[in-house]
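The block underneath contains the structure these notes are about, expressed in structure tokens.
The values are calculated or read from the model by the stated rules, or taken from the named source; none is laboratory data. Note that the structure is a prediction, hence the values are computed from the model and not measured. For neighbour counting, all protein chains shown are included, and Cβ atoms are generated from backbone atoms with ideal geometry for every residue, glycine included.
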Amino acid sequence: MAIAIFGKIRQKDTVSWNTVISGHANDEEVKAATDCFVDMSLYGCKPNQVTLSVMLRLCGAKENTSLGLQDLPIVMATLRNYL
């Protein structure tokens with residue numbers, strides 16, 4: 001339901017992207033959160049400290065260690081564009 005509503009938002013901003021990414025992270029949907037994070041960048045929306053915190057927490061979670069190692073380079077490469 002939340003994704004359907006998010007899809008209808010015309011002017012997506014950092015807060016709306018962070019909300020969706022955080023939702024995926026809280027549900028431990030690593031791939032979905034990472035995909036949203038990449039899409040956020042492609043959409044031209046700049047990640048902020050909240051985005052970084054959520055993505056690093058997700059990548060570093062003990063349960064997601066193997067997935068985190070795969071996703072961390074994507075996160076870091078995307079963040080380098082904004083630092």
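Residues in segment 66-82: is at least one in a loop (DSSP other than H, G, I, E, B), modelled with pLDDT under 80 and polar (S, T, N, Q)? Yes: segment 66-82 contains one or more residues that are in a loop (DSSP other than H, G, I, E, B), modelled with pLDDT under 80 and polar (S, T, N, Q).
The condition of being in a helix (DSSP H, G or I), among the polar types (S, T, N, Q) and out of contact with any helix residue (DSSP H, G or I) (no Cβ under 7 Å at 6 or more places or on another chain) holds for only one of 53, 22, 16, that being 53.
Here residue 50 clears all of (1) crowded, with 21+ Cβ neighbours inside 10 Å; (2) farther than 12 Å from residue 78 by Cα except the condition numbered (1). Do we find a residue being within 11 Å of the chain's Cα centre (by Cα) and of a type in the set (Asp, Glu) anywhere in segment 13-22? No, because not a single residue in segment 13-22 is within 11 Å of the chain's Cα centre (by Cα) and of a type in the set (Asp, Glu).
Could you check segment 15-47 and list, in sequence order, the residues that are among the hydrophobic types (A, V, I, L, M, F, W, C) and surrounded by 14 or more Cβ atoms within 10 Å (Cβ to Cβ)? Lay out the reasoning, then the answer.
Step one: of segment 15-47, the residues among the hydrophobic types (A, V, I, L, M, F, W, C) are 15, 17, 20-21, 25, 30, 32-33, 36-38, 40, 42, 45.
Matches in segment 15-47: 17, 20, 21, 25, 30, 32, 33, 36, 37, 38, 40, 45.
Pairs are defined by a Cβ separation below 8 Å, a sequence spacing of at least 6 or placement on different chains, a first member in segment 1-14 that is of a type in the set (S, T, N, Q), and a second member that is part of a loop (DSSP other than H, G, I, E, B); the pairs so defined are 14/45; 14/46; 14/47; 14/48.
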